[in-house]
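Participant: To start, I am sharing the structure in question, which I have written as structure tokens.
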Amino acid sequence: MIYVAVLALLLALVSTGFSVVALRRGIRRPQQSEGAADALPEDVLGLRQEVAALRAEGRDALKHLAVVRYDAFGDMGGHLSWSLALLDDGGDGVLLTAIHGRSEARTYAKSVADWKCDQPLSPEEEEALTHAKP
């Protein structure tokens, strides 16, 4: 019977300790009112600046991509030829094309600006560019 009473007392003390910790975490400090950016700790402001910098960097990243595989010649199989579009958020980037034949392979690169290319595009390159658009 004494063991049960001691165990109940220990459980009560532990739960009281957790309650005190929870209450302390829930109390707001008066200088940190919601909506006041100047009242935020420096580390939060620093994190906001880092997030803004990462978002700005991300706009220039080549993150829109599409690959189209195809047979460039009727006597070839296996879809060994391909066109790859690599573009950023503004539609600037590059189109890469590799055409594989029986005796040779050729690779082409075409620059893209604002989702358009100054050079003529093959149907497969057009398809890759279309699939890369968000």
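The values are calculated or read from the model by the stated rules, or taken from the named source; none is laboratory data. Model, not experiment: these values are computed from the prediction. Cβ sites come from the backbone with ideal geometry, for glycine too, and all protein chains shown count toward neighbours.
Participant: So which of Leu65, Leu129 is outside any loop (DSSP other than H, G, I, E, B) and exposed (fewer than 15 other Cβ atoms within 10 Å of the Cβ)? If you could, list the steps in order and put the result at the bottom.
Facilitator: Details: Leu129 fails: exposed (fewer than 15 other Cβ atoms within 10 Å of the Cβ).
Only one candidate passes the filter, namely Leu65.
Participant: Next question, about the same structure. Name every residue in the stretch 79-102 that is part of a loop (DSSP other than H, G, I, E, B) and either in contact with a His (Cβ under 9 Å, 6 or more places away or on another chain) or modelled with pLDDT of 95 or more (or both), in order of residue number.
Facilitator: Across the stretch 79-102, the qualifying residues are Leu80, Asp88, Asp89, Gly91.
Participant: When you go through (1) touching a Gly at 6+ places or on another chain (Cβ under 8 Å); (2) assigned to a loop (DSSP other than H, G, I, E, B) one by one for Val112, which number turns out not to apply?
Facilitator: (2)
Participant: Starting from the stretch 36-61, take each residue that is under 28 Å from Val94 (Cβ atoms) and list its partners that are at pLDDT 80 or above and not polar (S, T, N, Q), counting only C-beta distances under 7 angstrom and pairs at least six apart or across chains.
Facilitator: Sorted first by the residue in the stretch 36-61, then by its partner, the pairs are Arg59/Asp88; Arg59/Asp89; Asp60/Asp88; Ala61/Asp88.
Participant: Please go through the stretch 64-78 and pick out each residue that is modelled with pLDDT of 90 or more and of a type outside the set (Val, Ile, Thr).
Facilitator: Taking the stretch 64-78 and keeping what is modelled with pLDDT of 90 or more, we get 64-71.
Once the filter is applied, which keeps residues that are modelled with pLDDT of 90 or more and of a type outside the set (Val, Ile, Thr), the stretch 64-78 yields His64, Leu65, Ala66, Arg69, Tyr70, Asp71.
Participant: Among Ala105, Ala56, Ala37, which is the only one that is exposed (fewer than 10 other Cβ atoms within 10 Å of the Cβ) and either on the phi > 0 side of the Ramachandran plot or at pLDDT 80 or above (or both)? Lay out the reasoning, then the answer.
Facilitator: Numbers: Ala105 fails: exposed (fewer than 10 other Cβ atoms within 10 Å of the Cβ); Ala37 fails: either on the phi > 0 side of the Ramachandran plot or at pLDDT 80 or above (or both).
The unique qualifying residue is Ala56.
Participant: Going residue by residue through the stretch 105-122, is there one that turns out to be acidic (Asp, Glu) and under 25 Å from Arg55 (Cβ atoms)?
Facilitator: Applying the first criterion (acidic (Asp, Glu)) to the stretch 105-122 yields 114, 118.
Checking the rest, the ones that are also under 25 Å from Arg55 (Cβ atoms) come to 114.
The answer is yes; a qualifying residue exists.
Participant: Please verify whether Ala72 is surrounded by 15 or more Cβ atoms within 10 Å (Cβ to Cβ), among the small types (Gly, Ala, Ser), out of contact with any Cys (no Cβ under 6 Å at 6 or more places or on another chain) and farther than 15 Å from Ala132 by Cα, treating the condition exactly as stated. Talk me through it step by step, then tell me what you get.
Facilitator: Working: surrounded by 15 or more Cβ atoms within 10 Å (Cβ to Cβ): yes; among the small types (Gly, Ala, Ser): yes; out of contact with any Cys (no Cβ under 6 Å at 6 or more places or on another chain): yes; farther than 15 Å from Ala132 by Cα: yes.
Judged against the criteria, Ala72 is a match.
Participant: Would you say Lys116 is loosely packed, with under 12 Cβ neighbours inside 10 Å and among the basic types (Lys, Arg)? Break it down stepwise before answering.
Facilitator: Details: loosely packed, with under 12 Cβ neighbours inside 10 Å: yes; among the basic types (Lys, Arg): yes.
Criteria met by Lys116.
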